[in-house]
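Colleague: Below is one structure. I have some questions about it.
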Amino acid sequence: KVIVLDFGSQFTQLIARRIREAGVYSEIHPCNVDPQKIKDLKPGALILSGGPSSVLEDESPQLDPSLLELGVPVLGICYGMQLMTNDLGGKVVSSEDREYGRAEFCGSAECSLFEGIEDLEKLTVWMSHGDRVEKIPEGFKVCGTTESIPFAAMADEERKMYAIQFHPEVAHTESGITMISNFVFKIAGLKADWSMASFVENSIKEMREQIGDNQVVLGLSGGIDSTVVAVLLHKAIGKRLHCIFVDNGLLRMHERDEVIGFLEEHFELNVKCVDSAKLFLDKLKGVEDPEKKRKLIGYTFIDVFNEEATALEDVKFLAQGTLYPDVIESESFKGPSAVIKSHHNVGGLPEEMDLSLVEPLRELFKDEVRKVAYELGLPEFIIWRQPFPGPGLAIRILGEVTEERLEILRQADKIVQNEMHATGWYRKVWQGFAVLLPLKTVGVMGDDRTYEHVIALRMVDSLDAMTADWSRIPNDILARMSNRIINEVKGVNRVVLDISSKPPATIEWE
Ligand code: XMP
């Protein structure tokens, strides 16, 4: 495996992903991790990520020198290059002209990192740095320059130490993937043995060992993560997996039957559906504040789930669909970021139940979860379902949530979904949905005045939900959605389109 030490770069996850895409398992650890832990992991190679700090500052994150003496190949990227330079006896200075974005790199064909790359004397690379290397450490050779920096790449082939000032992991760097592959395969001699088939096999084996002949409980939401966990666990332990599906009454039309029904039928999952729609609606009565809604729904979910889980006998484990980005986030050496919205997650089980966690997806990125889903034979309509928030339609109904308003939104939402499917846009947008606004406007129908609800359409493009832009859906599709909603949904006489990006807006309206 390849260990990536994270010094805080926004691209660190990309490094690990590129290596995995090449077929080699890679893990990220914070730069202040106990060095013994890294040694115990017996890495086949080490990568030092970039980072926002300057090695010239006193408080900047440091590299434990013993990690450069493991005898495994090391690649330093950006801040990683400056650290290696500093630690091995070279010199880093702060640059007057900072370099951000595109640069032209001229590399040396003799360096094994650049083997097989064409146009090496004129390669577009992506830079993002203030400091630069002024003197390289002893034993190293320069193997690349740019117009503004004389040492853009250096290598000590004998000790298998390499460093580059630019970012090979970003898509804008030409042949960046070849450099990473050269490092992993040619220099470190690793084999491409990380595939989703081997992941499934290993994960089933590991879960069987961890769980023994005990029982496991899982909160199934119908989303891709909990569904994949359920199917994997079912393969590992069969009917000893107990899935609990809490129907909070805030789901889309037919959602429960489509997804959960399908899983029960085709994967023989053991699912207990708890119908709590009335309980949730009672709690939401009169509540208009978005954070209050979110918290109420979160707590009520936990209460219902706990009651059901406690009623099961002999359960020793709780399964969760935790993904790798959550793990990195919680282990990261940066502080937690500000709470914009309280997201709703399973948690807070009663202590007396004393459950241990089973988290088979802890090592995976989202796109890898989708690959596992294919591997497990899940159908496309589950694999490519758009994300749906835990608090459901409640945060798409601005103002009070009532049965009547839920029904209006469900019908409008169904039309948006249908039209996206029919036109092939469902897979092109990240999320597309309807929002019910807390106001009424005047309209005219036949010869009569109407005074009815407004629906907003929200359709966005995104890669990870962190940033998003509104989707440029063709006007005739929007026109059809609007016409159908106004004609078919009783109580709606106006449809508007949300054209804000995130930031500064968010994807959901609450
Ligand atoms: P925002 O509105 O913050 O949403 O831009 C980002 C993404 O997260 C989804 N979302 C949630 N998912 N529980 C979830 O599981 C929640 O409470 C929640 N709130 C928002 C939202 O649909 C979008 O994909």
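Colleague: Could you list, in sequence order, the residues of the stretch 167-212 that are touching a residue at least 40 places away in the same chain (Cβ under 8 Å) and on the phi > 0 side of the Ramachandran plot?
Modeller: Scanning the stretch 167-212 gives 175, 189.
Colleague: Any residue at all in the stretch 50-64 that's more than 24 Å from residue 186 (Cα to Cα), in a helix (DSSP H, G or I) and in contact (Cβ under 8 Å) with a residue 12 or more places away in the chain?
Modeller: From the stretch 50-64, those more than 24 Å from residue 186 (Cα to Cα) are 51-64; that's our starting set.
The next check asks that each one be in a helix (DSSP H, G or I); those that pass are none.
No, there is no match, as no residue in the stretch 50-64 is more than 24 Å from residue 186 (Cα to Cα), in a helix (DSSP H, G or I) and in contact (Cβ under 8 Å) with a residue 12 or more places away in the chain.
Colleague: So, one more: Of all residues in the stretch 181-227, how many are crowded, with 21+ Cβ neighbours inside 10 Å and of a type in the set (Phe, Trp, Tyr)?
Modeller: Number of matching residues: 1.
Colleague: Looking only at the stretch 478-500, count how many residues are surrounded by 14 or more Cβ atoms within 10 Å (Cβ to Cβ), assigned to a helix (DSSP H, G or I) and of a type in the set (Asp, Glu).
Modeller: Result for the stretch 478-500: 0.
Colleague: From the list 412, 422, which residue is without any contact (Cβ under 8 Å) to a residue 24 or more places away in the chain, more than 16 Å from the ligand (Cβ to nearest atom) and not assigned by TED's automatic domain parsing to the domain that holds residue 206?
Modeller: 422
Colleague: Let me ask something else. Residues 218, 232: which one is within 23 Å of residue 307 (Cβ to Cβ), in contact (Cβ under 8 Å) with a residue 60 or more places away in the chain and under 24 Å from the mean Cα position of the chain (by Cα)?
Modeller: So the residue among 218, 232 that is within 23 Å of residue 307 (Cβ to Cβ), in contact (Cβ under 8 Å) with a residue 60 or more places away in the chain and under 24 Å from the mean Cα position of the chain (by Cα) is 218.
Colleague: Restricting to the stretch 455-477, and then to whatever is crowded, with 18+ Cβ neighbours inside 10 Å and away from the ligand (no atom under 16 Å from the Cβ), can you tell me which residue is farthest from residue 250 (Cα to Cα)?
Modeller: For the stretch 455-477, the residue satisfying everything is 473.
The rows are residues; the columns are (1) within 16 Å of residue 290 (Cα to Cα); (2) modelled with pLDDT of 95 or more; (3) surrounded by 15 or more Cβ atoms within 10 Å (Cβ to Cβ).
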{"residue": "398", "(1), (2), (3)": "yes, yes, yes"}
{"residue": "403", "(1), (2), (3)": "no, yes, no"}
{"residue": "408", "(1), (2), (3)": "no, yes, yes"}
{"residue": "411", "(1), (2), (3)": "no, yes, yes"}
{"residue": "414", "(1), (2), (3)": "no, yes, yes"}
{"residue": "422", "(1), (2), (3)": "no, yes, no"}
{"residue": "426", "(1), (2), (3)": "no, yes, yes"}
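Colleague: So which residues in the stretch 45-75 are surrounded by 14 or more Cβ atoms within 10 Å (Cβ to Cβ), more than 26 Å from the chain's Cα centre (by Cα) and not hydroxyl-bearing (Ser, Thr, Tyr), if there are any at all?
Modeller: Hits for the stretch 45-75 are 55, 62, 63, 64, 67, 68, 70, 72, 73, 74.
Colleague: Sticking with this one: Return the residues of the stretch 282-305 that are away from the ligand (no atom under 15 Å from the Cβ) and assigned to a helix (DSSP H, G or I); say none if nothing qualifies.
Modeller: Matches in the stretch 282-305: 282, 283, 303, 304.
Colleague: Right, next: Quick one: in the stretch 316-325, of everything that is more than 17 Å from residue 221 (Cβ to Cβ) and touching a Lys or Arg at 6+ places or on another chain (Cβ under 9 Å), which residue is modelled with the lowest pLDDT?
Modeller: 325
The values are calculated or read from the model by the stated rules, or taken from the named source; none is laboratory data. From a predicted model like this one, the values you see are computed outputs, not experimental measurements. Every residue, glycine among them, receives a Cβ derived from its backbone with ideal geometry; neighbour counts consider all protein chains shown.
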